[in-house]
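A quick write-up on the structure given underneath.
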Amino acid sequence: MDPIIVRGGRSLSGEVRVAGAKNSALKLIAAALLAPGQTRIDNVPDISDVATMAEVVSGLGAEVRRQDNTITVDAGSLVSHEAPYELVARMRASIAVLGPLVGRLGRARVAMPGGCNIGSRKVDMHIAGLEALGVRFEFEHGYIDATAPGGLHGAEVTLEFPSVGATENLLMAAVLADGITVIENAAREPEIADLAAMLVAMGASISGAGTSIITVEGVESLKPATHSVVGDRIEAGTFLVAAALTGGPVTITGVDPAHLDMVLVKLEQAGCEITTGPDSVTLLRTGTLRATDVQTLPYPGFPTDMQPQFMALMARAEGGCVITENVFENRFMFADELVRMGADVRIEGHHALVKGVETLSGAPVRCTDLRAGAALVLAGLVAEGETEVTDTFHIERGYEGFVEKLAALGADVRTATG
């Protein structure tokens, strides 16, 4: 992908609408495999990860059609139970086809997942949970082979960590299992509730989604449904940080403010004024940015996917703060790139000690992962001179029209050939 060129010094203002949530849309496309026929998913972001997931389910025999922000998945006839390495290696979310394939076909062969290089991608909890439902596993040559020789049956499963991916795979397998499944210590993210809502529309019986205990009563079959993807809280948070860096006011629409509670709390502590509506958030900052400690935690805690953007914000705040990363052990890899721009960041284990500086300087920097790439572009908005951000394919994985949306708010930003 083309490098992104940013020239700092412009204030952002105006309104921007976020797309559907990346982390929900990918799993909804996988869930469509559970029902023969055409499932329609609206408000799907136009990003490369969605294109990859469409390739994955197409390879299994589903017919995928896209028109604007609507995707239709016709899973009437699945001709394969194998998700190939060349696709799954691009994106860890591809592991989400494991549950639907085992649920519908009784077998699955899925390559070990890839994605951003921000930490280990263990699938232990996926495996242990599905084993409790009657799935047997073999591992060879980088593949997970799953079979359910006696069919799937309900079980009580307690996750050792509220893993989003494990919760989603268990949900999608349990809906067609015989009996009742109870998932304890389940992930509580809004994207989990969104997945459950579509599964219920398809005929599943699910209660407790969005809480730490989810109960699923298996049904014999599911039917196609129509569902609209929830707004992307991480994209919304990214633009809120852009507004906080430059002052605003900026209004973000298409998102439920309740999904951003902890992000909004931290932005207010940093000196920003926040106003919310039913599906909007407006941010204005007229005073100095204040240093604010943050630690990432599973939802409803501060999201790990907002940590790099917040570090870019704290690089310009008055005073020092500690950012603690509790979810992914390699998520501070991009800090060196921020330091190239003049930030004062010191890494000690899973803590980043950030001392705000008066100015950042434009520099050539490289995206190390999706959210880090966005954070570096945001830093460029307030850096002196020009910042060139390379390896922007990471940004394309998760943000629809990122450069165009920033430019519409007044940023001096373009692609190298734009």
*Counting residues that are in contact with a helix residue (DSSP H, G or I) (Cβ under 7 Å, 6 or more places away or on another chain) and not aliphatic (A, V, I, L, M), which strands (runs of 3 or more DSSP E) fully inside region 339-406 reach at least 1?*
364-366, 386-390
*Return the residue satisfying two criteria in turn: it lies in region 70-86 and is within 22 Å of the chain's Cα centre (by Cα) and buried (at least 20 other Cβ atoms within 10 Å of the Cβ), and of such residues it is nearest to Gly254 (Cα to Cα).*
Ile71
_Extreme residue, nearest to the chain's Cα centre (by Cα), among residues of region 234-255 that are of a type in the set (S, T, N, Q) and surrounded by fewer than 24 Cβ atoms within 10 Å (Cβ to Cβ)_ = Thr253
*Taking only region 213-247 into account, find how many residues are of a type in the set (S, T, N, Q) and more than 30 Å from Glu268 (Cα to Cα).*
4
*Mind checking whether some residue in region 7-30 is at pLDDT 95 or above, assigned to a loop (DSSP other than H, G, I, E, B), touching a helix residue (DSSP H, G or I) at 6+ places or on another chain (Cβ under 7 Å) and under 15 Å from Thr72 (Cβ atoms)?*
no
*Looking only at region 154-213, which residues are in contact (Cβ under 8 Å) with a residue 60 or more places away in the chain, over 25 Å from Leu260 (Cβ atoms) and in contact with an Asp or Glu (Cβ under 8 Å, 6 or more places away or on another chain)?*
Gly154, Leu176
*asked:* Give me the residue from region 384-418 that is of a type in the set (Gly, Ala, Ser) and over 19 Å from Ser13 (Cβ atoms) and, out of that set, surrounded by the fewest Cβ atoms within 10 Å (Cβ to Cβ).
replied: Gly418
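Among Arg90, Arg109, which is at pLDDT below 95, under 30 Å from Glu388 (Cα atoms) and among the basic types (Lys, Arg)? If you could, list the steps in order and put the result at the bottom.
Values: Arg109 fails: under 30 Å from Glu388 (Cα atoms).
Residue meeting the stated conditions: Arg90.
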*So which pairs qualify, if the first residue must be in region 279-291 and part of a loop (DSSP other than H, G, I, E, B), the second must be at pLDDT 95 or above and among the acidic types (Asp, Glu), the Cβ gap must be under 8 Å, and the two must be at least 6 apart or on different chains?*
Asp279/Asp256; Arg285/Glu273; Thr286/Glu273; Thr288/Glu318; Leu289/Glu318; Ala291/Glu318
*Quick one: would you say Ala30 is over 24 Å from Val377 (Cβ atoms), of a type outside the set (S, T, N, Q), free of Cβ contacts under 8 Å to residues at least 60 places away in the same chain and crowded, with 20+ Cβ neighbours inside 10 Å?*
no
*Restricted to region 179-207, and to residues that are surrounded by 16 or more Cβ atoms within 10 Å (Cβ to Cβ) and in a loop (DSSP other than H, G, I, E, B), which residue is farthest from the chain's Cα centre (by Cα)?*
Gly203
*Count of region 37-88 residues which are among the polar types (S, T, N, Q), in a helix (DSSP H, G or I) and closer than 18 Å to Tyr399 by Cβ*: 2
*Pairs, please: C-beta under 8 Å, at least 6 apart or cross-chain, first residue at positive phi and in region 368-394, second not in a helix (DSSP H, G or I)?*
Gly385/Arg7; Gly385/Gly8; Gly385/Ser361; Gly385/Gly362; Asp391/Met1; Asp391/Arg366; Asp391/Cys367; Asp391/Thr368
*Criterion (under 26 Å from Asp49 (Cα atoms), crowded, with 17+ Cβ neighbours inside 10 Å and at pLDDT below 95) met by exactly one of Gly115, Gly119, Gly142*: Gly115
*asked:* I'm trying to understand the selection: among the residues of region 56-69, which are closer than 11 Å to Ile29 by Cα and either under 18 Å from the mean Cα position of the chain (by Cα) or surrounded by 15 or more Cβ atoms within 10 Å (Cβ to Cβ) (or both)?
replied: Val56, Val57, Ala62, Val64
*Would a scan of region 233-248 turn up a residue that is under 23 Å from Pro45 (Cα atoms), touching a residue at least 24 places away in the same chain (Cβ under 8 Å) and basic (Lys, Arg)?*
yes
*Can you tell me which residues in region 292-313 are touching a residue at least 60 places away in the same chain (Cβ under 8 Å) and buried (at least 21 other Cβ atoms within 10 Å of the Cβ)?*
Pro303, Asp305, Met306, Gln307, Pro308, Gln309, Phe310, Met311, Ala312, Leu313
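The values are calculated or read from the model by the stated rules, or taken from the named source; none is laboratory data. Predicted model only: the values in this text are computed from it and were never measured. Quick reminder, even Gly has a Cβ in these numbers, built from the backbone with ideal geometry, and neighbours come from all protein chains shown.
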